[in-house]
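Accompanying notes for the structure given below.
The values are calculated or read from the model by the stated rules, or taken from the named source; none is laboratory data. What you are looking at is a predicted structure, and each value in this text was computed from that prediction instead of being measured. Ideal geometry is used to build each Cβ from the backbone, glycine not excepted, and the neighbour counts take in all protein chains shown. The accessibility values were calculated without ligands, DNA or RNA, using every heavy atom of the protein model including side chains. Shrake-Rupley method; radii C 1.70, N 1.55, O 1.52, S 1.80 Å.
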Amino acid sequence: MTDQLVERVREALRVVIDPELGENIVDLGFIYDIAAAGGAVRIKMTATTPGCPATSFLREGAQAAASAVPGVVSADVAMTFEPAWTHDLIAPSIRASLGFAAVN
Amino acid sequence: MIGGNMSRWTMTYFAAALTWLLAALALMAAGIGHPATDLAAPDTLVLVHVICIGWLSTAMCGALFQFVPVLVARPLFSERLTLPALGLLTAGLIALLAGFMALGGRLPSGPWLLPLGAVLLVAGFGLVILDLGLTAWLRPTGPARFVLVGLASLCATVTFGAVFAFALAGWAGPVGDAVLARGIPLHAIAGLGGWLTLTAMGVSYRLLSMFMLAPDVEDRQSRLTLAAGGLAVAATVGGGAFAVGVAMRLNAVLSVAALLGLTCAALYGRDLAGIFRNRKRRELELNMRMAILSFASLAGTAVLGIALVSIGTLPLHLGAFAFLTVFGWLSGLVLAKLYKIVAFLTWLETYGPVMGRAATPRVQDLAAEQRATKWFAIYYLAVWAGTLALLAGEPSAFRIAAAAMTVGVFGIIHEIIRIRRLEDVASPLRLPAGAVAPHLLFAKT
């Protein structure tokens, strides 16, 4: 049941995109962890650059998307830059769409 | 700081800056303040200050209020200072220009106009330096160091300018007169080289890495670039002031500064090549492609400077050299980055608040790059043609080039307004429920 809720939350987070990269935050590897206990969901996420105004909107967007999932009573989203995000975290399936070179 | 705020008045700064740019282009197209005429001629002083304070400095300040917090991951020291600073800068510039026009007989004599303009500009730039300096000082790492050196150069530029203004009014005594007689190159180098160029370099490191997903340039490497640039400005200002004080010729000081400046430009080129080589995103957006043309123009100014010095004609062609620096390098880079920054900030303002609640477009969906490309192409071709016209001593050809630059800039401004009005966003995503259309001239959030 808990695993199903985590997956539903993960799926819901795909509506939140990084404005610059144009891909959702799940496939970009911004979501470090999703934990659920009862209906309380805790999400740990990151972004590409600390201090960027987009960072706050990404966190609030994740909070709104998770809160809208049926079965979620509360959603707490924590932003972290430890460890820092790297390009390796991007899902291989969308690397090409971002124009990444094969060698990279 | 996890996430920064949007600076409310950045768009207002950009709008004011672009208005001054159009004014400068109109003056050049009309043949007023031709860059090849005497630098001290009142009409030339009007043109130079419209460009350097009205256009470039205003645009740079607006961008820095938004991006210095990103560079240092700290909030701006005070958002409340940004609008009064713009008001003071605008009023100061208008008074200064009126003072120059009075000098040239275009307005009735008003010796107090220049000192008034200087006081207002000192106050306006003082607020900018205070706000940005205190923001960057808390965490002076990487590109933020460039901004700090740029702000120090701005202090020197403004101080020289204020002394000149009082001296032109006859209120600065013999010391002021001596500084006015020989200090103009120091004022120009501190402004164009220190304030505008070093700051543009610093911001570009972060923006290029961020938008192309490239690793940041190694700190040791960029510090060397900054050291060369910073020493060039320090040699100019410190050595120049000493030379003026003891009535020495400025040639030795300017030669040392030129060598250090060339070293800085070469090292910056090496740093940029590294960013482009190591980028993860291979496809370049329009703003990046156009930025490359401004980097090429910077390289062109270095080559032109060396060539003119070698054949001993730099004093004769100083106007062409300054024109390529100002319009090819600095203005080209600012226009290319404005195109991107406006789209990015407009996206944040419009779609940031509804993220997670509705599907949103990408930043790139706000711009129509294919259509905008031609305006940038017209702009750069006209700038390079204008430089050649100045070198060839063809004022009529230069005015035609200035008119073509005006067409290009009008086109770019039209594209920016379209971005701000979300006119190129496909209708299903344009204004989702809960999103508020942005105001053209300031951020609502």
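What to note about this one:
- Filtering region A:41-73 to residues that are touching a residue at least 60 places away in the same chain (Cβ under 8 Å) and touching a strand residue (DSSP E or B) at 6+ places or on another chain (Cβ under 6 Å) leaves only A:Val72.
- Considering region B:263-297, and only residues there that are among the acidic types (Asp, Glu) and in contact (Cβ under 8 Å) with a residue 60 or more places away in the chain, the residue that is least open to solvent (accessible area, probe 1.4 Å) turns out to be B:Asp271.
- Region B:410-426 - residue that is assigned to a helix (DSSP H, G or I) and basic (Lys, Arg) and, of those, most open to solvent (accessible area, probe 1.4 Å): B:Arg418
- Exactly one residue among B:Leu64, B:Leu86, B:Leu21 is surrounded by fewer than 24 Cβ atoms within 10 Å (Cβ to Cβ) and either assigned to a helix (DSSP H, G or I) or away from every other protein chain (no Cβ under 14 Å) (or both), and that residue is B:Leu86.
- Residues of region B:109-145 that are of a type in the set (Phe, Trp, Tyr) and open to solvent by 70 Å² or more (accessible area, probe 1.4 Å): B:Trp112, B:Trp137.
To keep it simple, each residue is scored yes or no on (1) surrounded by fewer than 23 Cβ atoms within 10 Å (Cβ to Cβ); (2) within 13 Å of the chain's Cα centre (by Cα).
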site: A:Val26; (1), (2): yes, yes
site: A:Gly39; (1), (2): yes, no
site: A:Ala65; (1), (2): no, yes
site: A:Pro70; (1), (2): yes, no
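- Condition met for A:Asp76 (more than 10 Å from chain B (Cβ to nearest Cβ), closer than 28 Å to B:Thr346 by Cα and touching a residue at least 40 places away in the same chain (Cβ under 8 Å)): no
- Filtering B:Gly229, B:Gly240 for residues that are touching a Cys at 6+ places or on another chain (Cβ under 6 Å), surrounded by 20 or more Cβ atoms within 10 Å (Cβ to Cβ) and either of a type in the set (Lys, Arg) or more than 30 Å from B:Gln370 (Cα to Cα) (or both) leaves a single hit, B:Gly229.
- Members of region A:86-99 that are open to solvent by less than 20 Å² (accessible area, probe 1.4 Å), touching a Gly at 6+ places or on another chain (Cβ under 9 Å) and either in a loop (DSSP other than H, G, I, E, B) or within 20 Å of A:Arg8 (Cβ to Cβ) (or both): A:Ile90
- Test: A:Gly38 is without any contact (Cβ under 8 Å) to a residue 60 or more places away in the chain and facing chain B (nearest Cβ under 8 Å): no
- Scanning region B:358-384 for residues that are more than 10 Å from chain A (Cβ to nearest Cβ), buried (at least 18 other Cβ atoms within 10 Å of the Cβ) and either aliphatic (A, V, I, L, M) or closer than 17 Å to B:Arg420 by Cβ (or both) yields B:Ala367, B:Ala372, B:Trp375, B:Ile378, B:Ala382, B:Val383.
- The residue list B:Thr350, B:Thr325 contains one member that is among the polar types (S, T, N, Q) and away from chain A (no Cβ under 14 Å), which is B:Thr325.
- Options A:Pro50, A:Pro83, A:Pro70: the member that is within 10 Å of another protein chain (Cβ to nearest Cβ) and either part of a loop (DSSP other than H, G, I, E, B) or on the phi > 0 side of the Ramachandran plot (or both): A:Pro50
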